[in-house]
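So the structure is just underneath, and the comments pick up after that.
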Amino acid sequence: MSGINERSALSIAQRQFDATADAIGLDDSLRAVLREVKRELVVHFPVEMDDGSFRVFTGFRVQHNIARGPAKGGLRYHPAMTLDDARALAMYMTWKTAVADVPFGGAKGGVVCDPKALTITELERLTRRFTTEISLIVGPDRDIPAPDLGTGPQVMAWIMDTLSMHAGFSVPASVTGKPQSIGGSEGRFTGPGRGLTMVTVLAMRDAAMDPSGARVAIQGFGKVGGVCAELMTAEGMNVVAVSDSSCGLYRPEGLDLTALRHLKEEGGHFTDYGGAEQIDREQLLTLDVDVLVPAALEAQVTERNADRIRATVIAEGANAPLTTEADAMLNERGVLILPDILANAGGVVVSYFEWVQDIQAYFWGSGEVTSRLREVMTRSYQQVRGEAQSHDVTLRNAAFRIAVTKVAEATKVRGIYP
Ligand code: GLU
């Protein structure tokens, strides 16, 4: 993953899996199956640039496990994306869909590119050609992509259109996170932030902490962080710090989120904003707050800054924002960590709702999406908390125990072909 140079992302994911397999006494043959990804496709493809030249890009699609249903997971457009990242993140998706108990396996993919450095027409040609290349293994029954870092509804619309053009008819269930005009779901965009807010409020109440008035710092102000800032504020929490890729903003009395949203909509950066103290992004993580939401990239809290974290709750908005060492250090200090495969599952849960609605061609209102999301997030949180209590383990270890047990059970009962 971008940011982790020392060890491969897959080996970190495998270490976490191995520890879980040990803890639940998983037999060696199932362990050998689940610690590897099932299928990986690497593609190198040309794209015509606006000046008439051609550039060759590299992309990936990795499917970790499909025992519980079609593969599911996002597509990332990022200059530091690697095949190894896709493998690790595909494995996390398998665990995430299992914790939320939605009938999918895990996948991840992406293209090595900086989407901000491409024009809209270049981005469209890149997306359509990449979709064509991976169409060998994706589709509504096989593998359903969704947004991740650097992609969003417009990219999903081009993917859906490309797959539909090849099929000769519309295939809306081939991708989730689409615009609503072509079969996207109410509440998909806000799903990750909403799910994260729901789990944070539940966990704080359980720990006898009052969410109302709690000070929150959010690293990131995108699809997860931005939505989370608004929804946590609606819960009475006080969002005192947020960041984008330019800098962090800090205002102890609470930030004016409407002004910040407008600034972002107009293409501005937080360094252009005068209504709060500008701080560096690293400093945001160590502010004196109750709740820290790392909702940007992987490996942001490391052994180098973990001892300076002052939050009592960390809700993981990004995938793998804490290194294994930082996680251990913070657990030692009794920080309540809400793990990514539970806390940010709201995105894939609403993706599941979108896929179901597309297949049925019957669409739900936003109230229904929110109440079903609340049902799934509450049930998942309670199961994880119950597992943590009965085995005296962290919420992360409990979530992994539940996930690996479910996927192992499905793999075992299906048996090994032939
Ligand atoms: N990219 C998101 C994640 O990491 C969503 C995946 C999906 O909806 O399929 O969970």
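Some notes on this structure:
- Segment 40-72-segment 163-183 distance, computed between alpha-carbon centres (Å): 18 Å
- Per residue convex hull volume, Cα atoms of segment 35-149, in Å³: 92 Å³
- Restricting attention to the chain, the count of lysine pairs at 8 or more positions apart or across chains with alpha carbons under 27 Å apart stands at 29.
- Residues whose placed amide H lies under 5 Å from that of residue 224, excluding near-sequence neighbours: none
- In order along segment 178-189, the phi-based Karplus estimate (6.51 cos²θ - 1.76 cosθ + 1.60, θ = phi - 60°) of 3J(HN,Hα) comes to 7, x, 5, 5, 10, x, x, 9, 3, x, 6, 4 Hz; Gly and Pro are listed as x.
- Antiparallel content of DSSP bridges confined to the chain, in %, to 5: 50 percent
- Cβ-defined net charge surrounding residue 114, 13 Å radius [Lys, Arg +1; Asp, Glu -1]: +2
- Ranked packing of 250-261, 136-147, most packed first, by mean Cβ within 10 Å: 136-147, 250-261
- Cut-off 14 Å between beta-carbons: net charge of the residues surrounding residue 102, Lys and Arg +1, Asp and Glu -1: +4
- Surface per residue (accessible, 1.4 Å probe) for the chain, Å²: 40 Å²
- For the chain, carbon and sulfur atoms together expose 51% of the accessible surface, with a 1.4 angstrom probe and every protein chain in place.
- With distances taken between every two different alpha-carbon atoms, the chain has a Kirkwood hydrodynamic radius of 21.6 Å.
- P(r) weight above 16 Å for segment 274-374, C-alpha pairs, percent: 63 percent
- Extent of segment 132-255 along its three principal axes (Cα atoms, max minus min coordinate, largest first): 55, 34, 24 Å.
- Membrane-span-like helices in the chain (whole DSSP H runs, Cα extent of at least 20 Å along the helix axis, mean Kyte-Doolittle hydropathy of at least -1.0): 9-24, 83-99, 120-134, 153-167, 191-206, 346-360, 395-414.
- Signed unit charges on C-beta, dipole axis of the chain, positive-most listed residue 238, 271, 350: 350
- For the pair segment 78-124 and segment 327-383, the centres of their Cα atoms are 18 angstrom apart.
- Peptide packing: for 367-377, 226-236, 386-396, the average count of neighbouring Cβ atoms within 10 Å per residue gives the ranking 226-236, 367-377, 386-396, highest mean first.
- For segment 282-329, the normalised intensity computed at q = 0.16, 0.21, 0.22, 0.28 Å⁻¹ comes to -0.34, -0.62, -0.68, -1.15 (log10 of I(q)/I(0), Debye sum over alpha carbons, equal scatterers, no solvent).
The values are calculated or read from the model by the stated rules, or taken from the named source; none is laboratory data. What you are looking at is a predicted structure, and each value in this text was computed from that prediction instead of being measured. Cβ: placed from backbone, ideal geometry, glycine included. Neighbour counts: every protein chain shown. These area figures cover heavy atoms from the full protein model, side chains too; ligands, DNA and RNA do not enter into them. Shrake-Rupley method; radii C 1.70, N 1.55, O 1.52, S 1.80 Å.
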